[in-house]
1. Sort A:K71, B:K142, A:K24 by accessible area with a 1.4 Å probe, largest first.
2. Report the Cα-based extents of chain B along its three principal axes, largest first, to the nearest Å.
3. Go through A:K64/A:K85; A:K24/A:K64; A:K24/B:K142; B:K66/B:K125 and tell me which ones have a Cα-Cα distance over 22 Å in this structure.
4. Ignoring everything except DSSP H segments at least 4 long, calculate the 222 nm mean residue ellipticity for chain A; use -39,500 (n - 2.57) per segment, divide by total residues, nearest 500.
5. Run the helix sum for chain B: -39,500 (n - 2.57) per DSSP H stretch of 4+ residues, divided by residue count, reported at 222 nm to the nearest 500 deg cm²/dmol.
6. Local charge sum around B:V24 (other residues, Cβ-Cβ under 11 Å, Lys/Arg +1, Asp/Glu -1)?
7. Label B:E86 and A:A58 with points 7 Å out from Cα along Cα→Cβ: what is the distance between them in nm?
8. Under the 0.36 nm per residue contour assumption, what length would be gained going from the current alpha-carbon distance of B:R101 and B:E43 to full extension?
Amino acid sequence: MTTKQEITTNIMIRCTSLNAADFKEAIDLGLVCAAFDQQVNLIFIDGGINNLITNQSAANLRDKNHVDILKGLEFYDIEHIFVEKESLENSRLQIDNLLPNVQFISVSEVLELNLNADNLVTF
Amino acid sequence: MLAILLNSAHSAQKYMTHEFTILVSASPLNTQSHLTAMRFIEELLQQNLTIRSIFFYQDAVLVANKLSSPPSDEPQIRSLWQNLSESHDLELQTCVAASYRRGIIDKHEANERALEHFNLHDSFKMTGLGQLAAAMSSPQVKLVQFK
């Protein structure tokens with residue numbers, strides 16, 4: 001029998017918010033892994049940080065806004081959302097453009113997180 | 001792109017006691033990812049290591065479309081997976097949600113939706129993400145992704 005502390009799954013998201021299927025399928029896997037009592041870390045890097053922009057209006061694109069799902073993840077036991085600092089610095093985004101419940105970590109901290117994880121899946 | 005994602009904190013010796021779950025997420029049109037995944041599986045089997053499961057997610061589920069017909073002088077990815085599965089009694093699992101999203105429909109769903117046809121190849125089995133998550137929950141299982 002495994003416990004939440006024993007299995008850690010990192011889900012690394014580099015696809016942009018305009019690639020809705022990739023993003024949705026990343027979150028779906030995270031939710032199911034959390035339901036199996038795994039500790040799930042969502043790590044946003046590169047263009048993936050665009051998923052975290054708060055004032056997106058998918059309606060203008062006649063698309064569905066998939067970002068709202070990120071706002072309630074703690075209710076599904078996904079409590080750790082990380083953003084790679086260098087990806088933010090390389091974008092034109094500021095911290096206050098992004099959802100508030102995220103932690104900013106360096107490239108080396110991302111590497112360390114991944115080295116210590118039991119599972120790593122990239123999207 | 002090949003992404004072999006292993007916990008490097010473990011030594012190679014430790015892997016000898018592990019089972020492997022193979023996650024394929026690349027489109028079958030990205031033939032190299034699928035071919036590399038199959039070569040990796042064959043190598044594991046040759047070393048008497050255990051394959052716990054083979055799971056197709058995202059665009060990789062398109063490989064289960066029995067109507068896809070690549071030119072005869074190109075790799076027949078679906079047939080190669082079928083041969084591997086039959087030779088070693090390995091189940092090929094496709095994510096049901098990812099499959100329906102991409103138009104891969106099994107007989108049951110076709111009946112439910114009153115569709116005229118289904119196109120899931122017999123060599124593949126529709127399963128939920130829970131099958132993958134369950135495998136990932138086992139400390140003995142190492143996950144390897146081909147993206």
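The values are calculated or read from the model by the stated rules, or taken from the named source; none is laboratory data. Because the structure is predicted, anything quoted here is derived from the model rather than measured. Reconstructed Cβ throughout: ideal geometry from the backbone, glycine too, with neighbour counts over all protein chains shown. Only protein heavy atoms, including side chains, enter the accessible area calculation; ligands, DNA and RNA are left aside. Shrake-Rupley method; radii C 1.70, N 1.55, O 1.52, S 1.80 Å.
1. On the way: A:K71 105, B:K142 10, A:K24 55 Å².
Ranking A:K71, B:K142, A:K24 by accessible area, largest first, yields A:K71, A:K24, B:K142.
2. Ordered largest first, chain B gives principal extents of 52, 36, 27 Å.
3. On the way: A:K64/A:K85 28 Å; A:K24/A:K64 11 Å; A:K24/B:K142 24 Å; B:K66/B:K125 13 Å.
Check vs 22 Å cut-off fails for A:K64/A:K85; A:K24/B:K142.
4. On the way: 3 runs with 31 residues, N = 123.
Result for chain A, helices only: -7500 deg cm²/dmol.
5. On the way: 6 runs with 52 residues, N = 147.
Value at 222 nm, helices only: -10000 deg cm²/dmol.
6. Values: positive: B:K147; negative: B:D59.
Once positives and negatives cancel, what remains is 0.
7. 4.2
8. Working: separation 58, 0.36 × 58 = 20.88 nm, distance 3.26 nm.
Here the answer is 17.6 nm.
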